[in-house]
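For reference, the structure discussed in these notes is given below.
The values are calculated or read from the model by the stated rules, or taken from the named source; none is laboratory data. The shown structure was predicted, so the numbers you read here are calculated from the model rather than taken from an experiment. Cβ coordinates were reconstructed from backbone atoms using ideal geometry, including for glycine residues, and neighbour counts include every protein chain displayed.
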Amino acid sequence: AQSVAQPEDQVNVAEGNPLTVKCTYSVSGNPYLFWYVQYPNRGLQFLLKYITGDNLVKGSYGFEAEFNKSQTSFHLKKPSALVSDSALYFCAVRDYQAGTALIFGKGTTLSVSS
Amino acid sequence: GAVVSQHPSWVICKSGTSVKIECRSLDFQATTMFWYRQFPKQSLMLMATSNEGSKATYEQGVEKDKFLINHASLTLSTLTVTSAHPEDSSFYICSARGGGAYNEQFFGPGTRLTVL
């Protein structure tokens, strides 16, 4: 069975500081990992994905994530946070060989203060 | 990326009525479509998976007689909430994927359902 854990309900950072939103996963096979962002009353916006290859993945709006197989983690990072980054962030995973649906973590609210 | 649309974007209905939500893949053929439900400030919960021309596979705890899913063509899936009640009020998001196990899922903008 697939599962995703986002251990933090909320992350607070000051504008200009680096941010990290944590994600760990569990799949039976090789993982296919995503990060999405959601603004209030809006759909999901794709940020980045890892399928294979380089463990450091760069995505939209300056975000990046590092795939760590030994720690089964895929933490989202950004070197310098913006107030406009404040939103709800979801990590998602699926076993890409099984062709199953994406399973989402519970979400982490990022709050960036000015 | 590919575009997935949903209609309507929001709907208000009276308790006991049925509501149909459409999900369309606009520029690709979606062999598989997924329906998710999201409560305020919570995660997306997978409701069901449907393959074109086949019956939907529902996740545990989802009533298939209440949430009717039809995937009659490669570009259209519908979710019908039958005899809606206030507890069915939620944000419903569809997702579509093309052929092949490795293909990405693309998400619709969601439909806000409010049952009075």
Exercise for the section: Considering each of A:A81, A:A65, A:A92 in turn, give the residue that is outside any strand (DSSP E or B) and aliphatic (A, V, I, L, M). Expected result: A:A81
Handout entry: Which listed residue, of B:A84, B:A96, B:A48, is outside any strand (DSSP E or B) and touching a strand residue (DSSP E or B) at 6+ places or on another chain (Cβ under 7 Å)
Key = B:A84
Problem - Test: residue in the stretch B:79-97 that is more than 14 Å from chain A (Cβ to nearest Cβ), under 10 Å from the mean Cα position of the chain (by Cα), surrounded by fewer than 20 Cβ atoms within 10 Å (Cβ to Cβ) and modelled with pLDDT of 95 or more - result: yes
Handout entry: Among the candidates A:Y36, A:Y25, residue that is within 13 Å of chain B (Cβ to nearest Cβ), crowded, with 20+ Cβ neighbours inside 10 Å and either assigned to a strand (DSSP E or B) or of a type outside the set (K, R) (or both)
Key = A:Y36
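To keep it simple, each residue is scored yes or no on (1) surrounded by 12 or more Cβ atoms within 10 Å (Cβ to Cβ); (2) closer than 30 Å to B:P8 by Cα; (3) free of Cβ contacts under 8 Å to residues at least 60 places away in the same chain; (4) more than 12 Å from the chain's Cα centre (by Cα).
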| position | (1), (2), (3), (4) |
| --- | --- |
| A:L47 | yes, yes, yes, no |
| A:F67 | yes, no, yes, no |
| A:S84 | no, yes, yes, yes |
| A:D95 | yes, no, no, yes |
| A:G107 | yes, yes, no, no |
Completion exercise
Within the stretch B:30-41, the residues that are part of a loop (DSSP other than H, G, I, E, B) and surrounded by 14 or more Cβ atoms within 10 Å (Cβ to Cβ) are B:A30, B:T31
Problem - Single unsatisfied condition, B:A56 versus (1) more than 10 Å from chain A (Cβ to nearest Cβ); (2) at pLDDT 95 or above - result: (2)
Exercise for the section: Say whether the condition of being among the acidic types (D, E) and under 14 Å from the mean Cα position of the chain (by Cα) is met by at least one residue in the stretch B:24-33. Expected result: no
Problem - Residues located in the stretch B:47-66, provided they are over 15 Å from B:D88 (Cα atoms) and of a type in the set (A, V, I, L, M) - result: B:A48, B:A56
Practice task
Consider A:N17 carefully, then state whether it is part of a loop (DSSP other than H, G, I, E, B) and not basic (K, R).
Solution key: yes
Problem - Among the candidates A:A81, A:A65, A:A101, residue that is touching a strand residue (DSSP E or B) at 6+ places or on another chain (Cβ under 9 Å) and within 14 Å of another protein chain (Cβ to nearest Cβ) - result: A:A101
Handout entry: Selection from the stretch A:1-22 of residues that are within 12 Å of another protein chain (Cβ to nearest Cβ) and out of contact with any Phe, Trp or Tyr (no Cβ under 8 Å at 6 or more places or on another chain)
Key = A:A1, A:D9, A:Q10
Problem - Condition broken by A:N41, with the remaining ones in (1) under 16 Å from A:G107 (Cα atoms); (2) assigned to a strand (DSSP E or B) satisfied - result: (2)
Handout entry: Top-ranked residue in the stretch B:51-70 [being in a strand (DSSP E or B) and among the β-branched types (V, I, T); ranked as surrounded by the fewest Cβ atoms within 10 Å (Cβ to Cβ)]
Key = B:T57
